[in-house]
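Heads up, the thing below is written out as structure tokens.
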Amino acid sequence: MKADPQNVLVGAHYLDGNHACGEGGIAAGCKFFAGYPITPSTEIAERVSRRFPLIGGVFVQMEDELASMNAILGASWGGKKSMTCTSGPGFSLMMENFGLGLMLETPCVLVNVQRGGPSTGLPTLPGQADMMQARWGSHGDYEVIALAPDSPQESFELTIHAFNLSEKYRMPVLIMTDECVGHMTEKVVIPPPEEIELVERKYSDVPPGEAWPYMEFDGEVSPMLPVGEGHKFHITGLTHDIRGYPVINSEAQHLNTRHLIDKVKKHADDIIWLEEKDIDGADVVVMAYGISSRVMQPAIAKAKKEGIKVGQIKMVTVWPFPEKRVKELAEKVKAMIMVEMNWGQVYLEMERCIAGKCEAHLIGHGGGTVHNPEDIYNTIKEAVK
Amino acid sequence: MAVTEIRITGFGGQGVILSGYIIGKAASIFNEQHATLTQSFGPEARGSACSAQVIVSDDRVLYPYVTKADILVAMSKDGYMTHKNNLAKDGIVVYEKDLVPVEEHGAGVKNYGIPATRFAEELGRKIVLNIVMVGFLGAVSGLLPEKALRKAVETSVPSGTEELNLQAFDKGYQYGKQLVETAEVTA
Amino acid sequence: MSKKVALNKAPVEEKQHPMEKILRMDRIPHIWCSTCGIGTTVTALAMALDQLGLDLNKVAILSGIGCTGRVAGYLKLDSFHTTHGRSIPFAFGLHIARPDMKVIVFSGDGDLISIGGNHFIHTARRNADMTVICVNNFIYAMTGGQVAPTTPTTARSATSPYGCYEHPFNLPLLAASSGAVYVARWTALHIRRLANSIKEAIAKPGFSFVEVVAPCSTLYARLNKLGTGLDLMKFYHDNSVIKHGADPKEIDIDYQSQIIVGKFVDIDKPPYIECFNAGNKRVFGDKFKPYGGGNGSN
């Protein structure tokens, strides 16, 4: 399916990452946005609230982030592509019902424009310290999909991609951007609608009375049941069977949670998106995501100029973590380096996958500004010694 | 690979961010370059220290913040004092003459002053002082073609105010051009 | 053997339960204790839906967590069992996406008014077109009888073992002052009147609220030595006073005192979507196409 021309603001714009993210959602066909103001994410809500009235969308400013997350789930079941945005403290509040979205298998998009934390932290300055919260922040066992844009252009593109993944895998998808990208203004080229490919929601064609909200708990995606069409289906946040009925025992729990996990794990190769450069023959590989993957570039260029064989992986998707690839590379290189604006979160996954096969380095940072490329350069030099 | 790092500083309400936006837009939309604008602001909307950073480059901007400003645009004394020591060796300071007492910065650094607020007031709206500064900056730095900057002004200001803003831009640009020409003659 | 088979095949008159049309029979028996008031409240809803003659395909029911939170699971409607306190914002999103559907939230006092209190007041303020039915049994029953924001002062609970000393919420007052356009209170004894109120509430455009004071024999009655559920029903019989139009400020529920029931608020005010359309029409004129929802892309 192609994007609806009325939703696409074709052309070259000078936009910040947050506005671009809002435009991405609109281009993807989002028609319901529920949000609560929080710096540094609010421009997304502002953009959408301005643009929605004339294209048939509804923006609602909710009473809090708990309500925002729930409202987008309700609207998604009502047939609307839905999204919300927030930052650290609001992300904490959304975690409860992000879990409900995963459990009910509800497509929607949640954008976290990360700032420094914990607690109120640094409202106007960047951080990347919610990455583990994105992975494990709601209680229970599950897998998530999280994308990290490094520019306004990618904020636009990855928001569309997030909607597509959410429909394809019938689950909430996270965009883990940050204040730097959100408030950074650059050229954003919005292509014509015929060049924007959208994943359409799959509805069940089983007639009412015979259809259940889930087909098999085998890690495959079931088509959704539409509301108001006589299916009279039931869904619950309780552990359930494929009928959507609660079943409170260990076998049901096993089936239900394995399904939620396998839905992502079985399709990890399709979901994982890495941009690799100069990996062949590299002695050291630098990994990063979002703004950090951009800031590492001058450091890598400088190291290369000095003859250091350094490869790089920009993780467009952070979750699911590229386990297979890191395990493979750990056998081949001398060291792997994670650059992130926290004191070691995604690094833990990298270190786990390396499992002592090569050196693992973290270039951490408390946030508030991005890394100094010089620090990255120094670590690269250190790593090849 | 030409990279120009610009810091614009002033207080909230002077249009600091918009002037950064116009420079960035002129470069990236109307001059086929890359330009990254970032901003920082205090918690208050009006009156607090405010700063915008624009990196203009022929290639993709990788590090988004100013390390050493090639151009410092100072619209307030506070902003100038905060950032005056972070200038490139051959940098230029573009300042509001009536508001900012500038110092000598050593051999390579040039100072260019303009009574932008006064000019804006003469045009009828004090609020366009930032556009006067943009015009002035364009002329004294030669960073971007006048046409690209004018186009960026025209497409970035609130509709209905284009004419006034273009007048403000021209005022600053002409003043800057004269200043540079005079300097060249006397040099 | 053959005789037995023949016996089994003998024609038996198939009798349908009168509520089979609306109940998920494959989920019955339910989990509620005997003499619990939730069942009769569900009956009242079923009666109301039947009398309204609505297309049940276009009715959605949502619950939160708790004993009453299980209601959604037993009704043969598009039904959503959400998280604790969050059924109202979930319902709000669903309502915005499908304004052609009737959206009913059916949950308990702790769920709707304590953990979900903020959603309750704000959705009433917006006057979103939905009906909220709150079964008030004065206690957190599913977790074992803890004190609630509705527990009358001096009543005992598992976490107010020496008697509750806080002031409880007056739910009709909260609803009315937050903006609800229809507010009523009944007890689980007043089945017909309750059904009638639910009917009016569903038919009413905007945010409508019906409180149902209901017995919890297993916890509230036991912890307060009030006898059985039946004794509580007798208490309601002897102590409820019907006062339609009573000022919601005057209808607090004190411990084992008079319970004023009736319809307290029935006013007209434009619901959320109407306001949304009017607000945008005012600004955009004919360029704005009134929002009507609908499945898929608008």
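Values quoted throughout were computed directly from the atomic coordinates according to the rules given, and no laboratory measurement underlies them. Since the structure is predicted, the reported quantities are computational estimates derived from the model, not experimental observations. Here Cβ is always computed from backbone atoms with ideal geometry, including for glycine, and neighbour counts include all displayed protein chains.
Some observations on this one:
- Unsatisfied cross-links (Cα-Cα over 24 Å) in the set B:LYS68/B:LYS147; A:LYS263/C:LYS76; A:LYS357/A:LYS381; A:LYS2/A:LYS265; A:LYS304/B:LYS25; A:LYS80/A:LYS266: B:LYS68/B:LYS147; A:LYS263/C:LYS76; A:LYS2/A:LYS265; A:LYS304/B:LYS25; A:LYS80/A:LYS266
- Within the range A:275-384: Cβ-based charge dipole about Cα centre, in debye rounded to nearest 20 (Lys, Arg +1; Asp, Glu -1): 180
- Separation of the range C:132-206 from the range A:52-79 is 28 Å, based on Cα centroids.
- Proximity of backbone amide H atoms, modeled 1.01 Å from N, is registered between C:VAL265 and C:VAL183 at under 5 Å, excluding neighbours fewer than 5 places apart on the same chain.
- Normalised alpha carbon radius of gyration of the protein assembly as shown [divisor 2.2 N^0.38 Å]: 1.10
- Build a GNM of chain A with springs between Cα atoms under 10 Å apart, and of A:TYR214, A:TYR203, A:TYR169 the one that fluctuates most is A:TYR203.
- Cα-projected label distance for A:SER250 with B:GLU154, points at 7 Å along beta-carbon direction, nm: 7.5
- Computed about the Cα centre, the dipole magnitude for chain A is approximately 340 debye when only Lys and Arg (+1) and Asp and Glu (-1) carry charge, each at its Cβ.
- Shielding by partners for peptide C:128-138, expressed as the average number of C-beta atoms from other protein chains within 10 Å of each residue's C-beta, is 0.
- Relative contact order computed over the range A:275-384 (Cα-Cα under 8 Å; 6+ residues apart), in percent: 34
- Exposed-site-free run, longest, chain C (rule: GluC sites (Glu not before Pro); DSSP loop; at most 14 other C-beta within 10 Å): C:21-165
- The range C:180-267: chymotrypsin sites (Phe, Trp or Tyr not before Pro) in DSSP coil with no more than 11 other Cβ atoms inside 10 Å: none
- Value at 222 nm in deg cm²/dmol, rounded to 500, when DSSP H runs of n ≥ 4 in the protein assembly as shown each add -39,500 (n - 2.57): -11000 deg cm²/dmol
- Average other protein chain Cβ within 10 Å of Cβ, residues B:57-68: 4
- Relative to the longest principal axis of the Cα atoms of chain A, helix A:152-169 runs at roughly 50 degrees.
- Tilt relative to chain A, helix A:65-77 - C-alpha long axis, 0 to 90 degrees, to 10: 60
- Look at the stretch B:16-28: the mean tally of other chain Cβ atoms within 10 Å of its residues' Cβ atoms is 2.
- Zone of B:ASP59's modelled label, taken as backbone nitrogen in the range A:281-303 under 18 Å from a point 7 Å along Cα→Cβ: A:293-303
- Secondary structure note: in the range B:1-114, about 55% of the DSSP beta bridges are antiparallel.
- Note on the range C:33-287: dipole from Cβ charges, positive end direction compared against C:GLY163, C:GLY229, C:PRO270; the farthest Cα belongs to C:PRO270.
- Under 15 Å, Cβ to Cβ, from A:SER204 - net charge with Lys/Arg +1 and Asp/Glu -1: -4
- In the range B:112-180, trypsin sites (Lys or Arg not before Pro) in a DSSP loop with at most 12 other beta-carbon atoms within 10 Å: none
- Under a model in which nothing but the beta-carbon of Lys, Arg (+1) and Asp, Glu (-1) is charged, chain B shows a dipole of about 220 debye around its Cα centre.
- For A:ASP64, net neighbour charge (Lys/Arg +1, Asp/Glu -1) across residues whose Cβ lies under 12 Å away: -2
- For A:GLU359, net neighbour charge (Lys/Arg +1, Asp/Glu -1) across residues whose Cβ lies under 11 Å away: 0
- When only Cα pairs below 8 angstrom with a gap of at least 6 residues are kept, chain A shows a relative contact order of 17 percent.
- Angle in degrees between helix A:42-51 and the longest Cα principal axis of chain A, rounded to the nearest 10: 50
- Neighbour-count ranking [beta-carbon atoms within 10 angstrom, fewest first] of B:ASP70, A:ASP280, A:ASP375, A:ASP4: A:ASP280, A:ASP375, A:ASP4, B:ASP70
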